[in-house]
Amino acid sequence: MQAIQFTAPQQIALVNLTEPSNPGPGEALVRTHRMGICGTDIACYLGKFPFFAYPRTPGHELGLEVVAVADDVKNVRIGDKCSLEPYVNNPTTRTSQKGAQNCCPDVQVIGVHNDGGLRKGVFAVPARKLHAGNDLSYDELALVETLAIGCHAVQRANPQPGESVLVIGAGPIGLACLEFLKLMDVKSIVMDVTKSRLEFCKKNLGIQHTITFQSDGSHLIELEKITGGVLADVVIDATGNFKSMSTCFDYAAFTGRVVYVGITTSDLTFPHAAIFHRREITLLASRNAMPEDFERIIQMIRKGKINTSFWITHRISFEEVPTEFAKFTDPTLGAIKAMIEVR
């Protein structure tokens, strides 16, 4: 079958991969209909993502069709439309048995640690990682993973009623965080360097409090105005930018919580005594998402609590990937979510 590979940083090739004939125990054979392009895919393409080795077929935000299942598989059937939970953990590790499958030390992320779904043909996945949503579109199913990342980050932050929550970065992961925050009794604030993204948040998510980052530091004054001078009880940094991740403590209130959901390969430094220690700030990491997040999000889309209609701003076909993918590395394109139509 035809597949797309990242063969080296900023190098894309169309290759042929072997197509399995039958699923193994616990497996399902699936076919990709949609693949969402996310920041991870962009970073992998650019050679800036940890855990990624070349050559590799990307694709972890997937809307899939089940075409075959092993005899021992009961959770999905042939013909089911599914979202993929791409974090394949080892159920025997202590971390997994504690319920933290998302950060199991042996976790292998489909499309990052091993080949993903950007291919025409069938491939095998652990059936336990499939979440059926037959009444959803393939577009919606491909968006579930992005939403799940935001859902887990918000759960890590654990916002309490009446608290103020600042999301830094209005890209897809930041938007996913805002989707869940707007359903809570909190003051949601979003900050970004790009005004058009902030306008997108106002128009489509109803976020009233937006802040444009300014190099002169005046954005901090704006945050103080919004929060009555106490700053944010929760700061979620969804940028993946090491400068932002080093300075975001400035925005946290005394006893505030900072959550890193973005990833950087750079070492981070931040002021300890003057800010982190003095304010007794809690720092949390948020990695991947949990199985129950996928089920919850599918239900929320089904019930109309999450509207995904405005998320997809750009589309390309499978055949266009070698020539068109690079344009999504340009932030001036204004892409919120680009979708690859595979079938």
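Since every read-out is calculated from the coordinates, none of them should be taken as a lab result. From a predicted model like this one, the values you see are computed outputs, not experimental measurements. Because the Cβ atoms are built from the backbone with ideal geometry, glycine has one as well, and the counts that use them run over all protein chains shown.
Summing -39500 (n - 2.57) over the DSSP H runs of n ≥ 4 in the chain and dividing by its residue number, what mean residue ellipticity at 222 nm do you reach, to the nearest 500 deg cm²/dmol?
-6500 deg cm²/dmol
With an 8 Å cut-off on Cα pairs and a minimum separation of 6 or more residues, tell me the relative contact order of segment 1-89 in percent. Please report the intermediate quantities before stating the final value.
On the way: 154 pairs, mean separation 28.3, N = 89.
Relative CO of segment 1-89 lands at 32 percent.
Helix 291-302 against the longest principal axis of the chain: what's the angle in degrees, Cα atoms only, rounded to the nearest 10?
Compared with the principal axis, the helix lies near 90 degrees.
Assigning unit charges at the beta carbon (Lys, Arg +1; Asp, Glu -1) and nothing else, what dipole magnitude in debye, to the nearest 20, does the chain show about its Cα centre?
Using only the charged Cβ atoms, the result is roughly 280 debye.
What Kirkwood Rh does the chain have if only Cα atoms enter the pairwise 1/r average? Answer in Å.
Roughly 20.7 Å, rounded to one decimal.
At 7 Å along the Cα-to-beta-carbon direction for both residue 285 and residue 54, put a label point, then send me their distance in nm to one decimal.
Reported label-point gap for residue 285 and residue 54 is 2.6 nm.
Please give the helix 172-181 orientation as an angle from the longest Cα principal axis of the chain, in degrees from 0 to 90, rounded to the nearest 10.
70 degrees
In straight Cα distance, which lysines are under 28 Å from residue 203, not counting same-chain residues fewer than 8 positions off?
The reachable lysines, counting only those whose Cα sits under 28 Å from residue 203, are 182, 187, 195, 225, 303, 305, 327, 337.
Are there chymotrypsin sites (Phe, Trp or Tyr not before Pro) in segment 281-333 that DSSP marks as loop and that have at most 13 other Cβ atoms within 10 Å, and which are they?
Within segment 281-333, the qualifying chymotrypsin sites (Phe, Trp or Tyr not before Pro) (loop, at most 13 other Cβ atoms within 10 Å) are 310.
Provide the FRET efficiency to the nearest 0.05 for the residue 343-residue 160 pair, computing r from the beta carbons and using R0 = 51 Å.
Computed FRET efficiency for residue 343 and residue 160 comes out at 0.70.
How many angstrom lie between the Cα centre of segment 91-159 and the Cα centre of segment 278-305?
Segment 91-159 and segment 278-305 have Cα centres spaced 12 Å from each other.
Please work out the C-alpha center-to-center distance from segment 43-71 to segment 169-217 and express it in whole Å.
Between the Cα centres of segment 43-71 and segment 169-217 lies a distance of 29 Å.
Tell me the GluC sites (Glu not before Pro) within segment 242-324 that lie in a loop according to DSSP and have at most 15 other beta-carbon atoms within 10 Å.
280
In what sequence do 282, 57, 265 fall when counting other Cβ within 10 Å, fewest first? Mind dumping the intermediate values first?
Numbers: 282 15, 57 19, 265 11.
In increasing order of surrounding Cβ atoms, one gets 265, 282, 57.
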